[in-house]
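The values are calculated or read from the model by the stated rules, or taken from the named source; none is laboratory data. Values in this document were obtained by computation on a predicted structure and should not be read as measured data. Please note: Cβ atoms are built from the backbone with ideal geometry, for glycine as well, and neighbour counts cover all protein chains shown.
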Amino acid sequence: MKTYIKLFALSSLLTLGACSEDFLENEPYTDKVTENFYKTPSDAFEGLVAVYDVLQREAYGTQLIVSEQASDNCFGGFGIADPTVDLQWDRFQYTTDKDMNALTWSNSYLGIYRANVLLENLDKVNWGANTALKTRYEAEARFLRAHFHFQAAKMFGDIIPLDHTVTTSEFELPRQAPEVTYALIANDLKFAADNLGPENYSQAGNANYGRITKWAAEAYLARTFLFYTGAYNKTDLAGVVTKPQVVTYINDAVNNSGHGLVADFANLWLAASLENFAGEDNTEMVWAVRFNGSGKGNWDLHEGNRFQVNIAPRGGSIGRYATGWGGATVNPKLVAAYDNADSRKAASFIDYAGEGLNFDPQAREQRQYTGYSWKKYCPITNAAGTAVVEANGGNFQIDNYQDYAIIRFADVLLMAAELNLGTNAALAQTDLDRVRDRAFKSTTNRIPATQANIMEERRLELALEGLRYFDLIRQGMPVMKAAIDNTTGDSQFAVTFRPETLGWFPLPQSQIVLSNGTIQQNPGWN
């Protein structure tokens, strides 16, 4: 069976199992197949771009919004007549759509597949004397493979780790113990951290902005270390990276990366700071998924950020905020957790009443209206009140263009503070102070660097950035239940977390069926 290079011809694990034999044996409709494609460094670069390309699919409204709905940050939201699946993510139910998490699964394995195709063909390329370029491409591909594995593992628990492209005889592989998956993740990230150069791409107009760097790999090692050791009560990262090693990596990212904090938190977010927006290629962005509005309404292209329309105000533009679907309404409990002097409060959330915006939830058919929605990532209007993306000839549903920040330097500082607790208290305090000082624009609101304080600071600093739910998992089921359970307000806001799920989401039923019994549903979701 030939492997197609054409982007739309690549497929993900297990989905191929449903294809007919005729399809699998057909001759390729393009002459670019792995048997004759990988010859030059330019070919390898095309293969690398194909791996990066999967990242944009993560903004279709999958893990980012789902994890925020499931956390204590947000409710389900959307419209009163919309499907109830978003309420089920919020309420830990699994009734109407048994494939409700299929996109997260398929996107992850599509990315893993493409990374493995490239990695298996690097030796076929004529690199000449430029072996350093080969090492760089391998490091980037292995980082991305680790990322896609982690996206699936932190959501589903046990998954199927793949360090090679699968054959037809492997379509029914079983899930593996977490230490197997995380050993692969750790080795890939370590290779990237140890083999990428010291470049920092967060400079205005840098053509490489958005590509993997040594600093992103070091930070990602810290992220996976904290999650794995917390969620599974381990002392190291799957026997591959020890705590002293990960401390060295994260401190290197803090001290030597050249990244820093943008002076004003609000300037990170376009809707919060129209006049002083720092731009997406700012010093704080250690790694982000890049988007643009070049699609101009073409649904066959995938360059725009399709996530943004989900959380924008429902029922029409209002003030500076462009229209959307009203998903993931913000929990007032989160907003109330901020001190009024904290600049992050006004910059993170749209406060309809507080900003004098006449939002009528009944007329707009908004479900679970709380008075608050996302300011982070909200698309904006121009002076005439028209969505900027539409004024530029795009479609407001698919052509929004703001980048998705996966790792900000503030997160790096907070991970460093957490990891240095117990061994370098002064350094942990300094790292936490830098985040607090920026938030309050003064040094008078500092708090002691303790585990509890750092976790709360992560909640406030990184709200609505897709990290809260997974921070709760690594703190254990009692903490998770205490945070997520909600009895405030009327019955539409009632949420009961079920510890029997262990925090893992239900697997797509289609994958269980295709596995022919080798994959079983996660606990609590049968």
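Which one of these is modelled with pLDDT of 95 or more and under 16 Å from SER317 (Cβ atoms): ALA387, ALA417, ALA353? If you could, list the steps in order and put the result at the bottom.
Values: ALA417 fails: under 16 Å from SER317 (Cβ atoms); ALA353 fails: under 16 Å from SER317 (Cβ atoms).
Within the list ALA387, ALA417, ALA353, the selection yields ALA387.
Name every residue in segment 86-126 that is in a helix (DSSP H, G or I) and under 21 Å from PRO523 (Cβ atoms), in order of residue number. Steps first, please.
First, the residues of segment 86-126 that are in a helix (DSSP H, G or I): 86-91, 102-124.
Hits for segment 86-126 are GLN88, TRP89, ASP90, ARG91, ALA102, THR104, TRP105, SER108.
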| field | Of all residues making up segment 417-456, the number that are among the basic types (Lys, Arg) and outside any helix (DSSP H, G or I) | value | 2
| query | Tell me, which residue of segment 141-176 that is farther than 27 Å from THR242 by Cβ and in contact with a helix residue (DSSP H, G or I) (Cβ under 9 Å, 6 or more places away or on another chain) is surrounded by the fewest Cβ atoms within 10 Å (Cβ to Cβ)? | reply | HIS164
| For segment 173-185, does any single residue satisfy the condition of being free of Cβ contacts under 8 Å to residues at least 60 places away in the same chain and closer than 30 Å to VAL262 by Cβ? | yes
| For ASP31: the one exception among (1) assigned to a helix (DSSP H, G or I); (2) at pLDDT below 95; (3) surrounded by fewer than 21 Cβ atoms within 10 Å (Cβ to Cβ) | (1)
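Listed here are the residues, each with its yes/no results for (1) within 30 Å of LYS243 (Cβ to Cβ); (2) surrounded by fewer than 22 Cβ atoms within 10 Å (Cβ to Cβ).
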site: TYR372; (1), (2): no, yes
site: CYS378; (1), (2): no, no
site: ALA384; (1), (2): no, yes
site: GLY394; (1), (2): no, no
site: TYR404; (1), (2): yes, yes
site: LEU419; (1), (2): yes, no
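Return the total of residues in segment 425-439 being within 16 Å of SER343 (Cβ to Cβ) and buried (at least 17 other Cβ atoms within 10 Å of the Cβ).
6
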| Quick one: is MET455 of a type in the set (A, V, I, L, M, F, W, C) and more than 20 Å from the chain's Cα centre (by Cα)? | no
| request: Could you run through segment 496-519 and say how many residues are more than 24 Å from the chain's Cα centre (by Cα) and closer than 19 Å to THR96 by Cα? | output: 3
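Could you tell me which of the residues GLU179, GLU138 is closer than 30 Å to LYS234 by Cα and surrounded by fewer than 18 Cβ atoms within 10 Å (Cβ to Cβ)? Working first, answer last.
Values: GLU138 fails: surrounded by fewer than 18 Cβ atoms within 10 Å (Cβ to Cβ).
Residue meeting the stated conditions: GLU179.
Keeping to segment 484-494, report how many residues are surrounded by 15 or more Cβ atoms within 10 Å (Cβ to Cβ) and out of contact with any Asp or Glu (no Cβ under 6 Å at 6 or more places or on another chain).
Taking segment 484-494 as the starting set, the residues that turn out to be surrounded by 15 or more Cβ atoms within 10 Å (Cβ to Cβ) are 484, 486, 493.
Filter again for out of contact with any Asp or Glu (no Cβ under 6 Å at 6 or more places or on another chain), leaving 486, 493.
The number of residues fulfilling the criteria is 2.
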| said: What's the total number of residues in segment 367-414 that are farther than 18 Å from TYR321 by Cβ, out of contact with any Lys or Arg (no Cβ under 7 Å at 6 or more places or on another chain) and in a helix (DSSP H, G or I)? | reply: 4
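Condition check ((1) modelled with pLDDT of 95 or more; (2) among the hydroxyl-bearing types (Ser, Thr, Tyr); (3) assigned to a helix (DSSP H, G or I)) across all residues:
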position	(1), (2), (3)
VAL166	no, no, no
GLN176	yes, no, no
LYS234	yes, no, no
VAL254	yes, no, yes
| task | Kindly provide the set of residues from segment 103-145 that are more than 17 Å from ASN187 (Cα to Cα) and of a type in the set (Phe, Trp, Tyr), ordered by number. | result | TRP105, TYR109, TYR113, TRP127
| Do we have ALA59 as out of contact with any strand residue (DSSP E or B) (no Cβ under 8 Å at 6 or more places or on another chain), crowded, with 22+ Cβ neighbours inside 10 Å and touching a residue at least 40 places away in the same chain (Cβ under 8 Å) here? | no
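Can you tell me which residue within segment 298-351, out of those that are among the aromatic types (Phe, Trp, Tyr) and either closer than 17 Å to GLU465 by Cβ or not in a strand (DSSP E or B) (or both), is nearest to the chain's Cα centre (by Cα)?
Residues of segment 298-351 among the aromatic types (Phe, Trp, Tyr): 299, 307, 321, 325, 338, 349.
Remaining after also requiring either closer than 17 Å to GLU465 by Cβ or not in a strand (DSSP E or B) (or both): 299, 307, 325, 338, 349.
Numbers: TRP299: 22, PHE307: 11, TRP325: 20, TYR338: 24, PHE349: 19 Å.
Per the stated criteria, the residue is PHE307.
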